[in-house]
Amino acid sequence: MPPEAFQRYVDLVAAGRLPIRIDRVFAMEEIAEAHQVMEAGQAVGKLVVRVN
């Protein structure tokens, strides 16, 4: 994807015109659980893994 196309998506999300539903946020230590949730089809939105 060209950088300008990606930037368009970023701008739409920032403006609230392209909503992203986040189902759950996992710590890096919970990555196995995140995989289980994803593989079981239990997520109703995006799964986020914090890497800080």
Original post:
Sorted by accessible area with a 1.4 angstrom probe, largest first, how do 28, 1 fall?
Top reply: 1, 28
Original post:
What number, rounded to the nearest 500 deg cm²/dmol, is the helix-based mean residue ellipticity at 222 nm of the chain, given -39500 (n - 2.57) per DSSP H run of at least four residues and division by all its residues?
Top reply: -12000 deg cm²/dmol
**OP:** With +1 on each Lys and Arg Cβ and -1 on each Asp and Glu Cβ, and nothing else charged, work out how big the dipole of the chain is about its Cα centre, in Debye to the nearest 20.
**Re:** 260 debye
Original post:
Counting Lys +1, Arg +1, Asp -1, Glu -1, what net charge surrounds residue 30 among other residues with beta carbon under 11 Å of its beta carbon?
Top reply: 0
**OP:** Would you mind getting me the FRET efficiency between residue 9 and residue 31? Use the beta-carbon distance for r and R0 = 22 Å, nearest 0.05.
**Re:** 0.30
Original post:
With every protein chain in place, what's the accessible area of residue 10 (1.4 Å probe, Å², nearest 10)?
Top reply: 60 Å²
Original post:
If the viscosity is 1.567 mPa s and the temperature 4 °C, what Stokes-Einstein diffusion coefficient in µm²/s follows for the chain when Rh is the Kirkwood radius over Cα pairs?
Top reply: 103 µm²/s
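The values are calculated or read from the model by the stated rules, or taken from the named source; none is laboratory data. Quick caveat, the model's predicted, so the values are computed rather than measured. When we count neighbours, we look across all protein chains shown, and the Cβ atoms used for this are built from the backbone with ideal geometry, even at glycine. When the accessible area is computed, the model is the full protein with side chains, heavy atoms only, and any ligands, DNA or RNA have been set aside. Shrake-Rupley method; radii C 1.70, N 1.55, O 1.52, S 1.80 Å.
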